[in-house]
Amino acid sequence: MLENAKWISYPTDTGFACPVFKKTFDTKKEVKRATLEITSLGGYYAELNGKRIGDFILAPGCTSTKRVQAQTYDITDMLGAENEIDVTISKGWFKGRINWRSNQDNADKRESVIAEIKILYKDGDTKTISTDKTWQTSISKITFADFYDGETYDCTHIESFVPSLEQDYSKEIIVKQQGEKVVEHERISPLSIFKTPKGETVIDFGQNTTGYFEFTVDAKKGDRVSFSVAEVLDKEGNFYTENYRTAKAELIYICKDGVQTYKPRLVFYGFRYVRVNEYPTEIRKDDICAIAVYSDIKRTGYLTSSSKLLNKLFENIIWGQRGNFLDIPTDCPQRDERMGWTGDAEVFVKTASYNYDVEKFFTKWLTDLKLDQFENGGVPHVVPQFWGDDPSSAAWGDASTICPWQIYLTYGDKEILKRQYKSMCDYVKYIGKISKNRYLWTGCNHFGDWLGLDAPAGSYKGSSDETFIASVYYAYSTKLVVKAGKVLGKNVEKYEKLYDNIIKAIRKKFKKYKTQTEHVLALYFDIAEDKASVAKSLADMIEKNGKRLQTGFVGTPYLLHALSQNDYTELAYDLLLQEQFPSWLYSVKCGATTIWEHWDGRNENGDFWSKDMNSFNHYAYGSVADWVYGVACGINTVEEKPGFEEVLIAPHPTDKLDFLSASIETRHGLVSSKWYHDGDKIRYEIVTPVKATVIINGERHEVEKGSYIF
């Protein structure tokens, strides 16, 4: 790839100013086909003859620093007789504030670009234009760009070009585009423009989203436009940014004369509100719109019910996924973090794969997980590994086993298991090596039941035993290695023995369960020997707590499943439909438009849970949707026939809703399940594109492709 091209950079360090590289060339004969192949260390924005090349936002994407994706664009119709290509690059994910590790490991490398234009003329002749020192470079009009702090564009800046500097960087890290491109999606008009009690002008877009905004202004040269963003207002109704921590999240634009339109090119923001810091006129609704930016994934799953609050929750889950599936599965899109947290990805992967087609998305991210996996088999907390070398945490590192297995179940292609199997095995071996006990994961520090509501004062960790949580996940990852190995025809006898020994050790060590989360894990992961008594104990705890949960990051994804699997489906519905804090619908009633990081991100008095770690777009608790798809509406894969080659549909209705409906566009067609009350009966409407087992009130029906009413 890019055989003749050289890496080129600006001759000196530009700080956070963005260099632009240009090359002029002619095409004086008729062109049959022309392509641009390009990538960069940092983000790039490319134009040909003043028009943007392609629609990939924030190219070349976010990957491990061990590789960089190259894109190929068809530019045939963009060429003229005389041409100029301009490529502007930023520090982006490579050297921006977001990537602490690369700033350490690649301190001697500068953001750079490498590109090649190949032209095939109709007469058979060819022409190649490659990056080298003949390309001219200057500080561009984007005089500042950083994901955390925003972008500054100065129309008055005069570019001064000098020859580019060739860099002897390796081309071996360049790979073909593997993941989905990131593109613009929904355009959102302002809901209102108002004055806060402090007298500030604020625009409310009515939806917490990820992306940026486009504005049009009639101005004079040198006039300034300046915006800041926020997710929420404080309880007095003022603009609030403390939860962004050190991220400035600003857009500054210095105008030219006349009417002009601008949107950021090399950054993104997480926001609902925009504060107008400077504007040469009075801003109107028609002057500005928000643009949602996320990976080019196809919507496949839909949920709807008779409850307006529940429908809003479903909508918030979708927006949470959109906002955090920007090339990698981030934890949040707004503050000085935006990392590919492994724990968030694994708890949400099932819901994610039903809501959207994310096979390509996760294949790319899991490739980076494998590349950044430690030599001892441990898995970084975040992928790509933008942070340090902290040891793996249970339920976070297990993304290495849980995510590939779920992608296999949802889409049915065992290639993902082939790619990741060694990574899966290495992770399980790592636990055995690092633990002080061969069959329990002991002696290590974990996140535990992160943000559990039963946390001791001053702690982010719930009160559940960390060794119990870690050992349960040790067992589960080992079990998934066994399952994946069997699919691939591997000899998994040693892992089967390991799994049996882990289960025995857990049962011997942990006879009783104290917290809701410990009960949930014991039930869901088949640790409890007397499931009936453990399930009753869990149900009693929930009832005594006013039919409210106390679970955190680890317990919540499996809570409703643990109940419904043990004949407490009605109690699971009580939790799903609970409107009082803590609950899923509490945030909805508080006006949330995405999923919150904390059950009490803000309390009923309007006060915030914390200043430094309080995201209002943190999708992990949206994993509850997989219970709605799989239990309430009953749409399930069949492990022996993955990818919905066959389907198990076993809905569980309730009198608490008039109707509930789910549909998933699978590799084999649309599967849908709807139930609703019809007088004193319940009517079920089932559609399956494949052979299915339908279970209604315990009665099994083996059906072929078609539509059915029960």
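How about segment 653-707: which of its residues are without any contact (Cβ under 8 Å) to a residue 12 or more places away in the chain and either in contact with a Pro (Cβ under 6 Å, 6 or more places away or on another chain) or polar (S, T, N, Q) (or both)? First the steps, then the outcome.
Taking segment 653-707 as the starting set, the residues that turn out to be without any contact (Cβ under 8 Å) to a residue 12 or more places away in the chain are 678-681, 697-702.
Hit for segment 653-707 is N697, nothing else.
A quick yes/no check of all residues on (1) among the hydroxyl-bearing types (S, T, Y); (2) part of a helix (DSSP H, G or I); (3) closer than 16 Å to Y495 by Cα:
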position: A394; (1), (2), (3): no, no, no
position: Y408; (1), (2), (3): yes, yes, no
position: D413; (1), (2), (3): no, no, no
position: I416; (1), (2), (3): no, yes, no
position: R419; (1), (2), (3): no, yes, no
position: K422; (1), (2), (3): no, yes, yes
position: Y427; (1), (2), (3): yes, yes, yes
position: T442; (1), (2), (3): yes, no, no
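Of all residues in segment 283-301, those that are of a type in the set (K, R) have Cβ atoms under 8 Å from Cβ atoms of residues that are buried (at least 17 other Cβ atoms within 10 Å of the Cβ) and in a helix (DSSP H, G or I), 6 or more apart or on another chain, in R299/I318; R299/N355. The strands (runs of 3 or more DSSP E) located wholly in segment 1-93 include none with 2 or more residues which are surrounded by fewer than 17 Cβ atoms within 10 Å (Cβ to Cβ), at pLDDT below 95 and in contact with a helix residue (DSSP H, G or I) (Cβ under 6 Å, 6 or more places away or on another chain).
Conditions tested, residue by residue: (1) within 27 Å of Y262 (Cα to Cα); (2) among the acidic types (D, E); (3) touching a residue at least 40 places away in the same chain (Cβ under 8 Å).
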site: G124; (1), (2), (3): no, no, no
site: D146; (1), (2), (3): yes, yes, yes
site: E151; (1), (2), (3): yes, yes, yes
site: C155; (1), (2), (3): yes, no, yes
site: S160; (1), (2), (3): yes, no, no
site: E172; (1), (2), (3): no, yes, no
site: K176; (1), (2), (3): no, no, yes
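Taking segment 44-64 as the range and being of a type outside the set (D, E, K, R) and more than 19 Å from the chain's Cα centre (by Cα) as the test, the residues that pass are Y44, Y45, A46, L48, N49, G50, I53, G54. Here T246 fulfils each of the conditions (1) touching a residue at least 60 places away in the same chain (Cβ under 8 Å); (2) in contact with a strand residue (DSSP E or B) (Cβ under 9 Å, 6 or more places away or on another chain) apart from (2).
P689 falls short on exactly one of the conditions (1) over 15 Å from S707 (Cα atoms); (2) modelled with pLDDT of 95 or more, and that condition is (1). Going residue by residue through segment 596-619, is there one that turns out to be within 25 Å of L326 (Cα to Cα), free of Cβ contacts under 8 Å to residues at least 60 places away in the same chain and out of contact with any Pro (no Cβ under 8 Å at 6 or more places or on another chain)? Scanning segment 596-619 turns up at least one residue that is within 25 Å of L326 (Cα to Cα), free of Cβ contacts under 8 Å to residues at least 60 places away in the same chain and out of contact with any Pro (no Cβ under 8 Å at 6 or more places or on another chain).
Has segment 97-117 got at least one residue that is in contact with a Pro (Cβ under 7 Å, 6 or more places away or on another chain) and of a type outside the set (A, V, I, L, M, F, W, C)?
No, segment 97-117 contains no residue that is in contact with a Pro (Cβ under 7 Å, 6 or more places away or on another chain) and of a type outside the set (A, V, I, L, M, F, W, C).
Among the residues of segment 134-170, those that are of a type in the set (S, T, N, Q), more than 20 Å from I252 (Cβ to Cβ) and surrounded by fewer than 20 Cβ atoms within 10 Å (Cβ to Cβ) comprise T134, Q136, S160, Q167, S170. Taking segment 625-644 as the region of interest, how many residues are crowded, with 23+ Cβ neighbours inside 10 Å and touching a helix residue (DSSP H, G or I) at 6+ places or on another chain (Cβ under 7 Å)? Of the residues in segment 625-644, 6 are crowded, with 23+ Cβ neighbours inside 10 Å and touching a helix residue (DSSP H, G or I) at 6+ places or on another chain (Cβ under 7 Å). With respect to being within 25 Å of G622 (Cα to Cα), buried (at least 24 other Cβ atoms within 10 Å of the Cβ) and in the same structural domain as L559 (by TED's automatic domain parsing), I407 fits the description.
Only residues that are assigned to a strand (DSSP E or B) and farther than 11 Å from E214 by Cα were counted in segment 241-265, giving 6.
The values are calculated or read from the model by the stated rules, or taken from the named source; none is laboratory data. The model shown is predicted, which means the values in this text are computed figures rather than measured ones. Neighbour counts are summed over all protein chains in view; Cβ atoms, including those assigned to glycine, are modelled from backbone coordinates with ideal geometry.
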